[in-house]
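These notes concern the structure reproduced below.
The values are calculated or read from the model by the stated rules, or taken from the named source; none is laboratory data. Note that the structure is predicted; figures quoted are calculated from it, not measured. Methodologically, a virtual Cβ is constructed for each residue, glycine included, from the backbone with ideal geometry; neighbour enumeration extends over all protein chains shown. Just so you know, the surface numbers come from the protein's heavy atoms only, side chains and all, with ligands and any DNA or RNA stripped out. Shrake-Rupley method; radii C 1.70, N 1.55, O 1.52, S 1.80 Å.
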Amino acid sequence: SPEWQVLGGEKSGTTQVDCSGGEGLDAVWDHPIDLHFGCHTLVGWPRLRCEIWSRDQFGSNILCGYGMVSCPMQPGMHNLEVVTWAPVGGITERLSTFFLGIKPQLQDPAIVANTRPGEGRFGLKCESAGIVYVSLEIMTAGLNGHGVRV
């Protein structure tokens, strides 16, 4: 959000690829996320937005799902579940998915983190795409000086 500024670290990027060994098996990503934020207000507390992609036998990247979770306000270690979903589309998109392996994608993935009523993914036809398990270590500094207790 505009109220929060990234003081250090990369706020977006591609992490890594993992081969799960087969359908239904877990893929393991062990990629650190190191971000430092500065803010003047607690409005717009940081959220983690994920896009999950797979690679087909021809090396093409295919969208599997989107997900978002709010970062905890409490300092310490947190294990989070990012519930992911994928747009389904109409009959034309479903036929493209079935015959060509081309899945619908959002024109603007930023709407995944939009939680305002009537905006974001509300109204989209979606299907569940699984769960991403994330472990985050949250550290806060300087909030007590502004009357904020976390």
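A few notes on this one:
- Taking the conditions (1) surrounded by 14 or more Cβ atoms within 10 Å (Cβ to Cβ); (2) modelled with pLDDT of 85 or more in turn, LEU143 satisfies each one other than (2).
- Enumerated strands (runs of 3 or more DSSP E) restricted to region 26-70, each holding at least 1 residues that are closer than 30 Å to SER96 by Cβ and either of a type in the set (Val, Ile, Thr) or within 14 Å of the chain's Cα centre (by Cα) (or both): 47-55, 61-70
- Within region 83-95, being closer than 16 Å to CYS64 by Cβ and in contact with a Lys or Arg (Cβ under 9 Å, 6 or more places away or on another chain) holds for TRP85, ALA86, PRO87, VAL88, GLY89, GLU93.
- Residues being within 27 Å of MET139 (Cβ to Cβ) and open to solvent by 90 Å² or more (accessible area, probe 1.4 Å) - total across region 56-82: 4
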